[in-house]
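Structure record follows, encoded as structure tokens.
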Amino acid sequence: MRVEMTKTKRTLCLIALMLTNLAVMNDLVIIPIISSFYQNFGDHMGLVNYIVSGPALIIVFTSLLASWLCRKLDKKVVLIAGALFFTVGAVFGAIVENSYYIAFMRTLVGIGAGFEQVVAVALIADVYEDENERAKMTGYYNATMSFVGIAYSYLAGVLANSGVWQNAFKCYWAAIPMLVFIFLFVPSVKPGERATAADESGKKEKEALGFRFWVLEGSWLVANILFGSTVLYYVSVYIAENALGDAAFSGTATSVKQIVGFVLCLFFGAIYSKLKRHTITVSYIIAAVTLVMMVVSPSKFGAVVIATICGCCYKLVFSYMYAHGFTLVPPSRIDDSVAITTAVYGIGTFFSTYFATWIMGLMHTDRVTETWVVSAVLFGVLAVIEIVMTVSEKKQAA
């Protein structure tokens, strides 16, 4: 549906939706203090693992729940509920130094993050119906995601270095203005406004998402696993394995990737308007080539520049999935498509580390670097699948 708003109100609404990334990127506050969790709660290793990665699994389920709630309730109500869950779980996440308490609060964080990401992206589709305009706004949303990630990583590290690891949680105080902006500036979007297929008796039927959508989601699942098991989480390992630098150099490489990714997302709308359907195919091809380059010739240049190029391909694929995915499904299923895309993102991210160690076992190596060749080959396969689907669609259109 089209949400009619003045330019000023639309701008304020967009700011509120951008602020939901404070919930989406919550894990980056935890990363600098993970070692503190293991040191302080070493007797409950399973619980600590849940504190670290549990919210990613929670998001899988709450993203699907958010889609169902949006069909029953006002989207603004669902967004406010998610913001409340996140704010309570994050702001008060470590006021009690108890692993069970922190695990419970991290569960609330996961619930809130799942709600925020799905509803925010769905509202962008409601507010911006033009495909190119929507792609531009989706790029801005993901650019804000990168910016929040940079800010969270830096501030959490600085606060934790004060000697009290709980201080890192002060980053989450930013959730309070997020909640205020959502309450004041996000418009009410009631359910049931989008057209659905109906039979002669007036009974609504659920329209199919379509074969093309499910192929794209399968590609998205594999891509998340491949990116996660290489340049997203393992650049520091790559640097250490190949004696390219210390932890400070790893931090620099990661920062460069985040900053360039932020800038790239700002221009995603322009990139998408030119490449359209081919955006994801080009991204997969570049990812495959850059991974091979890093394996064949490890260097500091590769760790910073080539890894950044590969990492930016992930930013393009991420933005593409939300911008283009809307165009593949009936209007009545847009909320569902956002929820499924978010759930697949969570599943792929969670299993990416397991994939890395599994491939190492298959190749009988204790190094991650060599396994990137497998990932490069699989990226090539994904590119071929996209090319085949594009050719098939053109033939059907003709």
Toy charge model, Lys and Arg Cβ at +1, Asp and Glu Cβ at -1: the chain dipole around Cα centroid in debye, rounded to 20, equals 800
Under a Gaussian network model of the chain whose springs join Cα atoms within less than 10 Å, the largest fluctuation of THR11, THR254, THR349 belongs to THR11
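So what is the relative contact order of the chain, in percent, for Cα pairs below 8 Å that sit 6 or more residues apart?
This gives 24 percent for the chain.
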Expected max-MSF residue from THR62, THR252, THR230 in the GNM of the chain (alpha carbon, under 10 Å) is THR252
SASA check, THR144, accessible area w/ 1.4 Å probe, all protein chains in place, rounded to nearest 10 Å², comes out at 40
Per GNM of the chain with C-alpha springs under 10 angstrom, the most fluctuating residue out of GLN39, GLN117, GLN166 is GLN39
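Ignoring everything except DSSP H segments at least 4 long, calculate the 222 nm mean residue ellipticity for the chain; use -39,500 (n - 2.57) per segment, divide by total residues, nearest 500. Present the calculation step by step, with values, prior to reporting the outcome.
On the way: 17 runs with 287 residues, N = 398.
Computed mean residue ellipticity for the chain: -24000 deg cm²/dmol.
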Distance in Å, no decimals, from the C-alpha centre of the range 236-300 to the one of the range 10-69 is 24
Averaged per residue, the 1.4 Å probe accessible area of the range 201-327, protein heavy atoms only, in Å², is roughly 41
A correct Karplus calculation of ³J(HN,Hα) over the range 4-11, with 6.51 cos²θ - 1.76 cosθ + 1.60, θ = phi - 60°, whole Hz and x for Gly and Pro, returns 7, 8, 6, 4, 5, 5, 5, 5
Taking N as the number of residues in the range 251-336, the ratio of its alpha carbon radius of gyration to 2.2 N^0.38 Å works out to 1.25
Probe 1.4 Å, all chains present, heavy atoms only: HIS44 accessible area in Å², nearest 10, is 70
The percentage of the accessible area of the chain (probe 1.4 Å, all protein chains present) made up of carbon and sulfur atoms, to the nearest whole number, is 69
Residue-normalised value, i.e. accessible area per residue, for the range 93-183 at 1.4 Å probe, in Å², stands at 37
Extension length gain for VAL88 and PHE104 (0.36 nm per residue less Cα distance), in nm, is 4.7 nm
Applied in sequence order to the range 326-338, the curve 6.51 cos²θ - 1.76 cosθ + 1.60 (Karplus, θ = phi - 60°) yields integer Hz couplings, x standing for Gly and Pro, of 4, 6, 8, 10, x, x, 5, 10, 4, 4, 5, 5, 5
Ignoring GluC sites (Glu not before Pro) buried by more than 10 other Cβ within 10 Å or outside DSSP loops, the longest site-free run in the chain is 201-398
Any lysines whose Cα falls less than 25 Å from that of LYS75, other than same-chain ones fewer than 8 residues away, would be LYS7, LYS9, LYS136, LYS190, LYS203, LYS204, LYS206
Taking max minus min of the Cα coordinates of the range 252-398 on each principal axis, largest first, gives extents in Å of 48, 34, 30
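The values are calculated or read from the model by the stated rules, or taken from the named source; none is laboratory data. Not measured: the values here are computed from a predicted model. Please note: Cβ atoms are built from the backbone with ideal geometry, for glycine as well, and neighbour counts cover all protein chains shown. Each accessible area value is taken on the protein alone, full model and side chains, heavy atoms only, with ligands, DNA and RNA left out. Shrake-Rupley method; radii C 1.70, N 1.55, O 1.52, S 1.80 Å.
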